[in-house]
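Student: Sharing a structure below in structure tokens format, with a few things to ask.
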Amino acid sequence: METQAHLTANSNRQNNSRPEANFPPSLWGCSFASFSFPQTEFERYTRQVDVLKGNVKDMLMASKKDTVEHIEFINLLCRLGVSYHFDDEIENSLKEIFDDLPHLLEKHDFDLYTLSLLFRVLRQHGFKMPCGERMLPVLHSLSNLT
């Protein structure tokens, strides 16, 4: 019985074999497979990245003085794909802006671009931005611009 099962398994393997793929050799060769990066150079780049992250963090904190500039800078960091380095700072800043939003909208006369950017950035970071009837005062102030 064992011999018969063994023969059946062998014949199934032979019948279900896939065709061989004969791909041509790569035009690029194997030069990327053997890439090595010196550790000292890697450490130098790591230090340089840390310095640049510190500079960007300082720029982010300095942009807090102007709400529009701050929102645009946060948007820029997100679009560049480096905002994850500054998650805590961005989250805290957006929370402050969101908490002060009614006062900001009354105090400043934002244009449509700035309001839409503010709306999108806050929404993208999980803040529940009002829409519909609760946004009517803002939309009404925009209609006075034209």
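The values are calculated or read from the model by the stated rules, or taken from the named source; none is laboratory data. Bear in mind that the values here come from a model prediction, so they are computed numbers and not experimental data. Note: ideal-geometry Cβ built from the backbone for every residue, glycine included; neighbour counts use all protein chains shown. The area values use the complete protein model at the heavy-atom level, side chains included, leaving out ligands, DNA and RNA. Shrake-Rupley method; radii C 1.70, N 1.55, O 1.52, S 1.80 Å.
Student: Given the options 9, 33, 5, name the one that is modelled with pLDDT under 95 and either assigned to a loop (DSSP other than H, G, I, E, B) or charged (D, E, K, R) (or both).
Tutor: 33
Student: Say we look at the stretch 12-30 and pick out the residues that are part of a helix (DSSP H, G or I) and open to solvent by 100 Å² or more (accessible area, probe 1.4 Å); which of these is modelled with the highest pLDDT?
Tutor: 15
Student: Residue check: is residue 110 open to solvent by less than 80 Å² (accessible area, probe 1.4 Å), in contact with a helix residue (DSSP H, G or I) (Cβ under 6 Å, 6 or more places away or on another chain) and either among the hydrophobic types (A, V, I, L, M, F, W, C) or assigned to a helix (DSSP H, G or I) (or both)?
Tutor: Values: open to solvent by less than 80 Å² (accessible area, probe 1.4 Å): yes; in contact with a helix residue (DSSP H, G or I) (Cβ under 6 Å, 6 or more places away or on another chain): no; either among the hydrophobic types (A, V, I, L, M, F, W, C) or assigned to a helix (DSSP H, G or I) (or both): yes.
So residue 110 does not fit the description; no.
Student: Just the residues that are within 20 Å of the chain's Cα centre (by Cα) and hydroxyl-bearing (Ser, Thr, Tyr), please, taken from the stretch 64-101.
Tutor: Answer for the stretch 64-101, where residues must be within 20 Å of the chain's Cα centre (by Cα) and hydroxyl-bearing (Ser, Thr, Tyr): 83, 84, 93.
Student: Consider the stretch 50-86. How many of its residues are loosely packed, with under 11 Cβ neighbours inside 10 Å and not in a loop (DSSP other than H, G, I, E, B)? It would help to see each step written out before you state the result.
Tutor: The initial filter retains those residues of the stretch 50-86 that are loosely packed, with under 11 Cβ neighbours inside 10 Å, namely 50-51, 54-55, 58, 65, 79-81, 84.
Within this subset, residues satisfying the condition of being not in a loop (DSSP other than H, G, I, E, B) are 50-51, 54-55, 58, 65, 79-80, 84.
The qualifying residues number 9.
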